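Worksheet for the structure shown next.
The values are calculated or read from the model by the stated rules, or taken from the named source; none is laboratory data. Fair warning: this is a prediction, and the values are worked out from it, not measured in the lab. Every residue, glycine among them, receives a Cβ derived from its backbone with ideal geometry; neighbour counts consider all protein chains shown. Quick note on the areas: whole protein, heavy atoms, side chains included, nothing else; ligands and nucleic acids left out. Shrake-Rupley method; radii C 1.70, N 1.55, O 1.52, S 1.80 Å.
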Amino acid sequence: MEKKQLYINLASSVFSFFVSFVITFFLTPYIINNIGKEAYSFFPISNSILNCFFIVSIALNAMLARNISIVRSRGDPESALRYFSSGFYSNIILILLFAPLMSLFVYFVDVFLQVPTKLLTDVRLMFAFVFMSMLIGLIGSVYSIATYTENRLDLRSLGEIIRGGVRIFLFLALFYYFEPSLYFIGLISFLLSIYLLVFNKYISYRLAPELKVNYSKFDFSKIKELLASGSWVSINTLGATLLTGVALVLTNRFISVESGGDVAISLMLPVFITSFISTMASVLQPWLTKVYASKSTGEFVEEVVSAQKLLSLLTTTPIVLLIIFSPSIFKLWIPGEYSNVLDGLSILFLFPILIHGNMWIYFNHGFITGRMKEQSFILLLMSIIVCGVSLVFVLLGGKNIYIIPLMTAIASVLYYLFFIPIQVIGRTGASIKEIYSPIIISLIFSVLFVYLSHLFFDFFYVGKWIGLLFTLVVVGVVFITIHMFLLFNVRSLVAFKKKRFG
């Protein structure tokens, strides 16, 4: 049953992502055309800043699902209930602490960012709604745990599909009946956060009715345990946020709002892909957590390597396609905002994700095993160095829009291609060949495929959407087929399918 459930989770997550992708893909140019790229750029900026606010909450909540899943697998419902209740009330305390700080930031947002006067009110309202949506998300975060602990991520995907439908309805309704405005993006995020709270609470009750908030079960020792193990998750998140958000924030603040708009648009395709990789990894993570809780180290390492191969197969294809066809996509997608700058920035942001996609499970190995200290510290250190060098660059008058993304890309490649796999090898005793062979095969094949595709690029008809879609399908099928047989031989493919999916 668990093998079949993994297949169901994977299929439903792919479908959910596809629906979300299509909705976002068509909504984004509609929003930009109505409010402008400069105004739109403040939305991804708000998410980057928000992540910094919620570093403490990540320390608490990141390990909550993992710990509850492990103690339930080991037959300890009392500990699960204590974790659950303690997590809920701790989030309420965090909300009371965060709300005043967020209010101050919203009021003084023009001090921290370069905001055109005509957009100041809209930017404040947008930040306020986005912040409120995240506070509501904190309230409901414990209720999303049930789909993880019960390995029913298909229900989470169902909620996301419904959320996508409501999202497109709200955008079209608000933009049709009212004058389009930036703060509508925040308002819709706020309304959708309420929907997710209700949906997740209902699903939690259906899947794990024994997990109920009970004040008498509040256990400060559980909070200390979560914070102790989750603090490195917070540091890890802070490092990742600084590394990915530095280009957008510094470009807005020190170069120009218009250049910030270009960076925001060029980040759209990488954000889509990162979301896809995260979605696929989230399907595999509950299974890997249970394997870690119940099997030997050798079996766990074998499962981790196999999971990474599968993730590489699923995620490398869209990254390669976007690297090859990003100019055509941008020209057709947002013709009014297209420039060669978008192509260069997009490739700078996409290439590190190509590395990351072939490393994501190894990166999450520390989270599953609860050993994130070293990787979190190194990531934060590299992020601080990149931020520091970038800040010096812009303070000295640097206006080259490519420099900050380039420094970010170099740091990301060094971290994910060298430090993470070497750390996994050291901790698990796996051989260098076992860990690095699939990575090297995927990367060399991807680079060669991109190079050869550009040699024959003139033969691809990509002047219209139908031609582009046809070309993407053909090239994608060729790539994933060859990639599959490079990563798995026929015997290992049959064994992999039988072991995981029955």
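Given region 254-335, what whole percent of its Cα pairs are spread farther than 15 Å?
Values: 2255 of 3321 pairs.
When all Cα pairs of region 254-335 are counted, 68 percent exceed 15 Å.
Once you have a ≥ b ≥ c as the square roots of the Cα gyration tensor eigenvalues for region 146-272, tell me rounded if a/c is under 1.5, and otherwise prolate or oblate according to whether a/b is larger than b/c. Write down the numbers at each step before the final one.
Working: a/c = 2.46, a/b = 1.33, b/c = 1.86.
Because a/c hits 1.5 or more and a/b fails to exceed b/c, region 146-272 counts as oblate.
Under a 1.4 angstrom probe, counting protein chains only, how are Ile466, Ile319, Ile161, Ile384 ranked by accessible area, largest first? Intermediate values should be presented prior to the final figure.
On the way: Ile466 125, Ile319 0, Ile161 45, Ile384 95 Å².
Putting Ile466, Ile319, Ile161, Ile384 in descending order of accessible area: Ile466, Ile384, Ile161, Ile319.
Tell me the accessible surface of Arg156 in square angstrom (1.4 angstrom probe, heavy atoms of protein chains only), to the nearest ten.
Number for this one is 80 Å².
Just read off the accessible area of Thr24 with the full protein assembly in place, 1.4 Å probe, to the nearest 10 Å².
Looks like 20 Å² after rounding.
Rounded if a/c is under 1.5, else prolate if a/b is larger than b/c, else oblate: which is region 305-456, with a ≥ b ≥ c the root eigenvalues of its Cα gyration tensor?
Cα axes put region 305-456 in the oblate bin.
Using a 1.4 angstrom probe on heavy atoms only, work out the carbon and sulfur share of the accessible area of the chain in %. Can you show the working numbers first?
Numbers: 15360 of 22050 Å².
C and S atoms contribute 70 percent here.
When the solvent-accessible surface of protein heavy atoms is calculated with a 1.4 angstrom probe, in what order do Trp232, Trp333 fall, highest first? If you can, show how the numbers build up before the last one.
Details: Trp232 65, Trp333 15 Å².
Largest accessible area first, the residues go Trp232, Trp333.
Could you give the size of the charge dipole of the chain about its Cα centre, using +1 on the Cβ of each K and R and -1 on the Cβ of each D and E, expressed in debye and rounded to the nearest 20?
Numbers: 35 positive and 23 negative charges, 260 e Å.
Charge dipole of the chain: 1260 debye, to the nearest 20.
In terms of the Cα gyration tensor, with a ≥ b ≥ c the square roots of its eigenvalues, is region 199-253 rounded because a/c is under 1.5, prolate because a/b exceeds b/c, or oblate? Working shown, then result.
On the way: a/c = 3.92, a/b = 1.87, b/c = 2.09.
Taking the square roots of the gyration eigenvalues as a ≥ b ≥ c, region 199-253 is oblate.
Mean residue ellipticity at 222 nm from the helices of the chain, using -39,500 (n - 2.57) per DSSP H segment of n ≥ 4 over the full residue count, to the nearest 500 deg cm²/dmol?
On the way: 22 runs with 416 residues, N = 502.
It comes out at -28500 deg cm²/dmol, rounded to the nearest 500.
Of the listed pairs Lys222/Lys373; Lys309/Lys331; Lys201/Lys309, which have alpha-carbon separations greater than 26 Å here? Mind showing how you got there, number by number?
Working: Lys222/Lys373 19 Å; Lys309/Lys331 33 Å; Lys201/Lys309 34 Å.
Listed pairs above 26 Å: Lys309/Lys331; Lys201/Lys309.
If you average the alpha carbon positions of region 183-261 and of region 126-142, how far apart do those two centres end up, in angstrom?
Measuring centre to centre over Cα atoms gives 8 Å.
With every protein chain present, what accessible area does Phe17 have (1.4 Å probe, heavy atoms only), rounded to the nearest 10 Å²?
30
Return the label of the correct value of semi-axes √(5λ) of the Cα gyration tensor in Å, as calculated from the structure shown, out of (i) 55, 26, 18; (ii) 46, 35, 19; (iii) 33, 31, 23.
For semi-axes √(5λ) of the Cα gyration tensor in Å, the calculated option is (iii).
Considering only protein heavy atoms, with the full assembly of protein chains and a 1.4 angstrom probe, order Lys201, Lys37 by accessible area, largest first.
Numbers: Lys201 110, Lys37 20 Å².
The most accessible residue leads, giving Lys201, Lys37.
Which chymotrypsin sites (Phe, Trp or Tyr not before Pro) in region 129-204 pass both tests, a DSSP loop state and at most 15 other beta-carbon atoms within 10 Å?
Numbers: sites: Phe129, Phe131, Tyr143, Tyr148, Phe169, Phe171, Phe175, Tyr176, Tyr177, Phe178, Tyr183, Phe184, Phe190, Tyr195, Phe199, Tyr202; in loops: Phe178.
Here the chymotrypsin sites (Phe, Trp or Tyr not before Pro) that fit, given the DSSP loop and packing criteria, are Phe178.
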